[in-house]
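A short write-up of the structure that comes next.
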Amino acid sequence: MTVDREKPLLRVVLTDVNAKVVQAWRAAFADTPEVEIHRGSILTRQADAWVSPTNSRGRMDGGVDAVVKRHLGAGIQLRVQRAIRDRFGAAMPVGSAVCVPSGATNPRFLISTPTMEQSAQDVSETLNVALACAAAFQAVHAQNEQEPGSIASVALVGMGAATGRVPARVCANLMWTGYTLFNDYHFRDYDELRRTICEQLDDIGSRPEEERVRVTVPAASGSRRSRG
């Protein structure tokens with residue numbers, strides 16, 4: 001697949017009410033000026049899809065999930081949980097995502113991806129942010145394969161930075177990892193995505209907090225996106 005550098009396939013918007021997260025994003029994404037960064041609620045952002053960090057069962061009862069459910073209505077949780085049951089059974093593994101119609105015009109879709117297995121779980125010592133962010137972008141790939149051009153823009157919040165207790169700088173760097181992986185590769189499935197990330201980031205706890213890590217995928221794995 002060829003990517004036109006002059007016409008990005010996806011407009012990415014990062015937005016959060018937490019000033020520390022926004023500041024950390026600006027540092028982590030300093031060399032990716034095409035990514036928009038704002039301080040404020042995701043509810044104020046125009047995008048084809050919003051990404052809502054959730055738990056494995058899609059219970060939208062806290063954090064951004066609860067805000068999104070109040071905005072879009074209780075039916076959004078039913079759609080998310082139905083998609084989880086249809087695709088994954090009882091629970092959606094971290095490193096997976098579902099994309100469902102929102103029932104609104106902004107956004108048209110909600111991408112739900114777990115940063116934790118249970119509600120309000122501390123995930124600060126895990127790779128869950130990188131897994132969730134990469135899975136959200138994988139869901140964009142999948143939706144656009146199914147309906148070409150249906151998601152041309154996506155808005156994300158600071159994943160795991162609130163109820164997950166992930167430090168802002170760590171959150172920003174792991175989200176950068178997920179974003180750069182999206183630009184480079186399209187995985188065949190979520191299992192391959194999880195395996196690749198976990199294999200390459202399993203020693204991240206011993207690295208400096210400010211270090212960004214770019215995941216590289218062997219030529220035999222995934223589908224490399226040509227840069228033009």
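The values are calculated or read from the model by the stated rules, or taken from the named source; none is laboratory data. Just so it is clear, the model here is predicted, and its values are computed rather than measured. Using ideal geometry, Cβ is built from the backbone for each residue, glycine included, and neighbour counts are taken over all protein chains shown.
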Lone unmet requirement of (1) surrounded by 15 or more Cβ atoms within 10 Å (Cβ to Cβ); (2) more than 20 Å from Ser119 (Cα to Cα); (3) modelled with pLDDT under 95 for Met60: (2)
What is the number of the single condition among (1) at pLDDT 95 or above; (2) closer than 26 Å to Leu127 by Cβ; (3) surrounded by fewer than 18 Cβ atoms within 10 Å (Cβ to Cβ); (4) of a type in the set (Ser, Thr, Tyr) that Thr32 does not meet? (1)
Which is loosely packed, with under 14 Cβ neighbours inside 10 Å and hydroxyl-bearing (Ser, Thr, Tyr), of Thr115, Thr44, Thr54? Thr44
Can you list residue pairs whose Cβ atoms sit under 7 Å apart, with the first residue in segment 103-117 being without any contact (Cβ under 8 Å) to a residue 40 or more places away in the chain and the second being surrounded by fewer than 21 Cβ atoms within 10 Å (Cβ to Cβ) and assigned to a strand (DSSP E or B)? Count only pairs 6 or more apart in sequence or on different chains. none
Residues in segment 52-65: is at least one charged (D, E, K, R), in contact with a strand residue (DSSP E or B) (Cβ under 8 Å, 6 or more places away or on another chain) and in a loop (DSSP other than H, G, I, E, B)? no
Being farther than 14 Å from Gly95 by Cβ and at pLDDT 85 or above: is that true of Glu209 here? no
Quick check, is Asp61 touching a residue at least 24 places away in the same chain (Cβ under 8 Å), under 24 Å from Pro148 (Cβ atoms) and not hydrophobic (A, V, I, L, M, F, W, C)? no
Quick test of your reading of the structure: Ala49 fulfils all but one of (1) at pLDDT 95 or above; (2) under 20 Å from Val166 (Cβ atoms). Name the failing condition by number. (2)
Within segment 20-28, is there a residue that is under 17 Å from the mean Cα position of the chain (by Cα), under 18 Å from Asp122 (Cα atoms), of a type outside the set (Val, Ile, Thr) and outside any loop (DSSP other than H, G, I, E, B)? no
